[in-house]
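Everything on this sheet refers to the single structure shown next.
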Amino acid sequence: MDKLLTNRLLLVSIAAVAAYWLTGAIVPGPVMTTIVGFMLLAFGGLTFAYYARPAYGVVVLGHRSNFEADGARWSHLGVYGAWLMSAGAVWSGIFRLVWVYHGTPDAWTGTVYSAFGSAIMAVGFLLMYFAPQSTEKGLRMSGTLWVAGAILLGICAGFLFGTQLKPIPDTPLLSKISRGAK
């Protein structure tokens, strides 16, 4: 128990999650969306810039696992995965800010534009999953069957639910919640 109480990263993580939910309870939705949009843009942008050069080496120059750049050893899948996740965060941040600026139009939600950042991040996460399994000779494919099954299940479930769901009818309570009204 003492180790948990002296683990600063754990304590800061818990405090950050608590601060998010406490702030979200009192800050109107569009304001919270704007704050998160700026955070995604800033932190995603920093990561995007940091990984841009090694990602260029991976994607364009063909560098592969355990290459060296800027005095560090890199995994090509890890680099590309991190770069894609940051690119998705930047897109999502920009989309959120533009969406709020234009009055949070309902027609923008559930579109390919609103989901593009998440799609890029999903691919980045997949690459990050495989990064530790990457070697000079290729991928060690442990867990690949699970990943293939999860991808197939996700695609099928998304298609099934996406074609079956009906829009939620607008009610005064939902309008107040979605617009952050007091």
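Look at the range 98-135 and say how many of its residues are within 18 Å of Phe38 (Cβ to Cβ) and surrounded by 15 or more Cβ atoms within 10 Å (Cβ to Cβ).
6
Quick check, is Thr109 of a type in the set (Val, Ile, Thr) and in contact (Cβ under 8 Å) with a residue 60 or more places away in the chain?
Values: of a type in the set (Val, Ile, Thr): yes; in contact (Cβ under 8 Å) with a residue 60 or more places away in the chain: no.
Here the answer is no, as Thr109 does not meet what is asked.
One residue is enough: does the range 56-64 have a residue meeting the conditions in contact (Cβ under 8 Å) with a residue 40 or more places away in the chain, surrounded by fewer than 18 Cβ atoms within 10 Å (Cβ to Cβ), farther than 22 Å from Ala119 by Cβ and of a type in the set (Lys, Arg)? Steps first, answer last, please.
Taking the range 56-64 first, the residues in contact (Cβ under 8 Å) with a residue 40 or more places away in the chain are 64.
Okay, now just the ones that are also surrounded by fewer than 18 Cβ atoms within 10 Å (Cβ to Cβ), so 64.
From the residues that got through so far, the ones that are farther than 22 Å from Ala119 by Cβ too are 64.
Then drop every residue that is not of a type in the set (Lys, Arg), which leaves 64.
Checking the range 56-64: at least one residue is in contact (Cβ under 8 Å) with a residue 40 or more places away in the chain, surrounded by fewer than 18 Cβ atoms within 10 Å (Cβ to Cβ), farther than 22 Å from Ala119 by Cβ and of a type in the set (Lys, Arg).
Listed residues Phe43, Phe95, Phe48; which is within 25 Å of Tyr20 (Cα to Cα), surrounded by fewer than 16 Cβ atoms within 10 Å (Cβ to Cβ), modelled with pLDDT of 90 or more and not acidic (Asp, Glu)? Explain how you work it out, then say what you get.
Details: Phe95 fails: surrounded by fewer than 16 Cβ atoms within 10 Å (Cβ to Cβ); Phe48 fails: surrounded by fewer than 16 Cβ atoms within 10 Å (Cβ to Cβ).
Answer to the check: Phe43.
Give the number of residues within the range 97-106 that are in contact (Cβ under 8 Å) with a residue 40 or more places away in the chain and of a type in the set (Val, Ile, Thr).
Count: 2.
The values are calculated or read from the model by the stated rules, or taken from the named source; none is laboratory data. Treat the numbers as computed from the prediction; the structure is a model and nothing was measured. Glycine gets a Cβ as well: all are built from the backbone with ideal geometry, and neighbour counts include every protein chain shown.
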